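The values are calculated or read from the model by the stated rules, or taken from the named source; none is laboratory data. Because the structure is predicted, anything quoted here is derived from the model rather than measured. Virtual Cβ from ideal backbone geometry, glycine too; neighbours counted across all protein chains shown.
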Amino acid sequence: MSKLINLKKWLTIEDASRHLSSIFDEPVKNYDIYRFALDGHLKLSVNLVNHAIAKKCRVASLENVPKIKALDGDDLIPLGMRLDDDNYLVKDKDIISISGVMDLMMLGNEALDIEHEYQRLTSGVKVTLVCLEGAYVQDPNNGGIYELQDHFKNDVESMKNKNNYYPAASLPNDAALVLRTRAISEFIESVSDIKKSEKPLIETERSTLLTIIAALAKEAHIDIGKTSKAGELIANMTQQLGAAVGATTIETHLKKIPQSLKNRAK
């Protein structure tokens, strides 16, 4: 699979699990992929095999979003899916057909679908949450965003009427969850970057940092020979920085300074 993956545009969840397991040399289950997607680490997609009906969306600032008056007062309610404090997704009125592999936006019911699958596979709780705004997907090729639609009746005449459509409560039953190979590569790279950042210090790096600490402590008139008192003093300083380090941990490192300075002096 690893040798041929570049020839494929996407993988099934099962194939992606096997591929990631071989890359990281540890088991990666289907539910792990769902969790990574829910937590924003991995972009999950859906293959709309038999097409899907949708309304195209545009991003609009709050001031440009259509609004309606609330039923219990004069407050105005924005008509759209909220992205952040200033931006909303506003959908067009036209019904269109979309197909191919689309990325899940993880904003509405598509996220609930994935949460349901994760809970099902991990013997978790039943997902009872609902989202009235629908399910959202994005075309990875042009960035187009779509709200999936469903309709009240299946006959041809009814499907011609725009008023018979409403936001879909879930992804289409005949759609398949997949992972684009590009998304898999980006995920592997991101995890590799984390591992690089977690690389333990080599002895020369540790010696250099201890020497710097000793120099700064001397400049600040902190007697590092009294490790317990110095540890408490420096711990208070780290709290003032908003990045607290425990006094005991600091004391442990301070005790290593004399030997480190001795070694560098040779």
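Only residues that are among the hydrophobic types (A, V, I, L, M, F, W, C) and either touching a helix residue (DSSP H, G or I) at 6+ places or on another chain (Cβ under 7 Å) or modelled with pLDDT of 75 or more (or both) were counted across the stretch 180-209, and they come to 6. Using the structure shown, decide if Lys218 is modelled with pLDDT under 85, over 30 Å from Asp150 (Cα atoms) and part of a helix (DSSP H, G or I). Considered against the rule, which asks whether it is modelled with pLDDT under 85, over 30 Å from Asp150 (Cα atoms) and part of a helix (DSSP H, G or I), Lys218 comes out as no.
Looking at Glu186, Glu157, which one is assigned by TED's automatic domain parsing to the domain that holds Tyr34, surrounded by fewer than 11 Cβ atoms within 10 Å (Cβ to Cβ) and either touching a residue at least 60 places away in the same chain (Cβ under 8 Å) or among the charged types (D, E, K, R) (or both)? Show your work before the answer.
Working: Glu186 fails: surrounded by fewer than 11 Cβ atoms within 10 Å (Cβ to Cβ).
After ruling out the rest, the residue left standing is Glu157.
The residue that is farthest from Lys93 (Cα to Cα), among those in the stretch 123-139 that are outside any strand (DSSP E or B) and at pLDDT 95 or above, is Asp139.
Any idea which of Ser61, Ser99 is surrounded by fewer than 17 Cβ atoms within 10 Å (Cβ to Cβ), small (Gly, Ala, Ser) and touching a His at 6+ places or on another chain (Cβ under 7 Å)? Selected residue: Ser99, the only one of Ser61, Ser99 that is surrounded by fewer than 17 Cβ atoms within 10 Å (Cβ to Cβ), small (Gly, Ala, Ser) and touching a His at 6+ places or on another chain (Cβ under 7 Å).
Restricting the first member to the stretch 37-55 and to residues that are assigned to a loop (DSSP other than H, G, I, E, B), and the second to residues that are surrounded by fewer than 16 Cβ atoms within 10 Å (Cβ to Cβ) and of a type outside the set (A, V, I, L, M), the beta-carbon pairs closer than 8 Å and six or more apart or on different chains are His41/Ser190; Lys43/Glu186. In the stretch 70-80, the count of residues that are touching a Phe, Trp or Tyr at 6+ places or on another chain (Cβ under 9 Å), outside any strand (DSSP E or B) and not assigned by TED's automatic domain parsing to the domain that holds Glu14 is one or more. Against the numbered list (1) modelled with pLDDT of 80 or more; (2) part of a loop (DSSP other than H, G, I, E, B), Asn154 comes up short only at (1).
Selection of the stretch 232-255 for residues being surrounded by 13 or more Cβ atoms within 10 Å (Cβ to Cβ) and more than 18 Å from Arg206 (Cα to Cα) yields Glu232, Leu233, Ile234, Ala235, Met237, Thr238, Ala247.
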